[in-house]
Amino acid sequence: MDSLPLVSVLMTAYNRQQFIGEAIESVLASTYQNWELIIVDDCSKDDTVAIAKSYAGKDDRIKVYVNEKNLGDYPNRNRAASYSKTEFIMFCDSDDKMLADTIPKMLQLVNLTPDFNFAMQWSHSPETFVIEPNEALRKHFFEQQFLYIGPGGTFIRRTFFDAIGGYPEKYGPANDMYFNLKVACNTAILLIPFDLVFYRRHDGQEINNYFSYMYNNYMYLRDALVELPLPFTSNELEWLKKKNKRRFAVQLLKHLLINRNFKKIKEACTLTTYSFNDFIQGLLYFKKHPKQL
């Protein structure tokens, strides 16, 4: 057992008493047993911590940490990663379930992949393959978006996660989108055609917050197009910036028509510093893809 890599399964939690027992049981049921489960509770107000500690009391591979104050989703993911000192990390959220063969399947692929740093689930191909940074970024921005998988669909070398600074923390539920672009700027990606966890859908998830996704999606991409070393020409970057403005303008109009709440539209524009000129520029921009010019 000691010769096998120790893998950290990171489980962040906030008010998940309904699901966390199943999540922990799924890790215990793994066919690969050289793991540690790091559970970090973000100041739950229910019995989440008590349930987690009851499992930790029976298995010393399970470690439970409780934050002194509520950090929020992605800051808490970074906190969980900071407790890991192993070679590889993966995320299994406290409302999901890890699949029994996930770790051995991933370690087998890692052993076959030179210079492995990052794997991501991608269901559009029946085969596992490696995509290089430039190809990945051009494919994502100009052909088919695929760098959108959340933490539960990834397997990461911990030193790489640390080296690129972990997740950003200012884009709400879209922090993983910026992170995936940052990953693609820094390493080849191993794309895998199978699930790592059973992803549970329920009403208490941030994915249901359309308003937050709407303005955070605009912000993360606006910043990524300026901050990240993307392998694009100035014309391509300009096209992407204006396309992002146009998409946000359309989303604002849809939100206004559906919800008839001008106050929320104003709030979104304030949060993103999206000006009236940006709005008009977005609506009027119909320029063709740079490759078609």
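May I ask you to say which residue of Tyr218, Tyr213, Tyr285 is of a type in the set (Phe, Trp, Tyr), modelled with pLDDT under 95 and touching a Lys or Arg at 6+ places or on another chain (Cβ under 8 Å)?
Residue meeting the stated conditions: Tyr285.
Show the residue pairs meeting these rules: Cβ distance below 9 Å; 6+ apart or different chains; first residue within segment 248-265 and polar (S, T, N, Q); second residue assigned to a helix (DSSP H, G or I) and surrounded by 14 or more Cβ atoms within 10 Å (Cβ to Cβ).
Gln251/Met214; Gln251/Tyr215; Gln251/Asn217; Gln251/Tyr218; Gln251/Ala268; Asn259/Phe211; Asn259/Ile265; Asn261/His255
Quick grid of which residues meet (1) farther than 27 Å from Ala119 by Cβ; (2) modelled with pLDDT under 95; (3) of a type in the set (D, E, K, R):
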site: Ser54; (1), (2), (3): yes, no, no
site: Asp59; (1), (2), (3): no, no, yes
site: Tyr65; (1), (2), (3): no, no, no
site: Leu71; (1), (2), (3): no, no, no
site: Asn76; (1), (2), (3): no, no, no
site: Ala80; (1), (2), (3): no, no, no
site: Asp96; (1), (2), (3): no, no, yes
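Kindly indicate which of Leu37, Leu6, Leu28 is free of Cβ contacts under 8 Å to residues at least 60 places away in the same chain and closer than 29 Å to Asp115 by Cα. Spell out how you get there, then give the answer.
Values: Leu6 fails: free of Cβ contacts under 8 Å to residues at least 60 places away in the same chain; Leu28 fails: closer than 29 Å to Asp115 by Cα.
Checking each option against the conditions leaves just Leu37.
Please verify whether Tyr199 is modelled with pLDDT under 95, closer than 25 Å to Val27 by Cα, among the hydroxyl-bearing types (Ser, Thr, Tyr) and in contact with a Gly (Cβ under 8 Å, 6 or more places away or on another chain), treating the condition exactly as stated.
So Tyr199 passes the test.
Please determine whether any residue of segment 58-77 is of a type in the set (S, T, N, Q), free of Cβ contacts under 8 Å to residues at least 24 places away in the same chain and in the same structural domain as Pro173 (by TED's automatic domain parsing).
First, the residues of segment 58-77 that are of a type in the set (S, T, N, Q): 67, 70, 76.
Then keep just the ones that are free of Cβ contacts under 8 Å to residues at least 24 places away in the same chain; that gives none.
No.
Of a type in the set (A, V, I, L, M), within 17 Å of Gln145 (Cβ to Cβ) and in a loop (DSSP other than H, G, I, E, B): does that describe Leu230?
When the stated conditions are applied, Leu230 passes them.
Applying the selection to segment 55-96, what residues are in a helix (DSSP H, G or I) and touching a Cys at 6+ places or on another chain (Cβ under 6 Å)?
none
Regarding Val250, is this residue modelled with pLDDT of 95 or more and either part of a helix (DSSP H, G or I) or more than 30 Å from Glu135 (Cβ to Cβ) (or both)?
Taking the combined requirement at face value, the residue does not satisfy it.
Out of Leu228, Leu256, Leu271, I need the residue that is surrounded by fewer than 20 Cβ atoms within 10 Å (Cβ to Cβ), in contact with a Lys or Arg (Cβ under 9 Å, 6 or more places away or on another chain), of a type in the set (A, V, I, L, M) and farther than 24 Å from Met120 by Cα. Which one?
Exactly one of Leu228, Leu256, Leu271 is surrounded by fewer than 20 Cβ atoms within 10 Å (Cβ to Cβ), in contact with a Lys or Arg (Cβ under 9 Å, 6 or more places away or on another chain), of a type in the set (A, V, I, L, M) and farther than 24 Å from Met120 by Cα, namely Leu256.
The values are calculated or read from the model by the stated rules, or taken from the named source; none is laboratory data. What you are looking at is a predicted structure, and each value in this text was computed from that prediction instead of being measured. Using ideal geometry, Cβ is built from the backbone for each residue, glycine included, and neighbour counts are taken over all protein chains shown.
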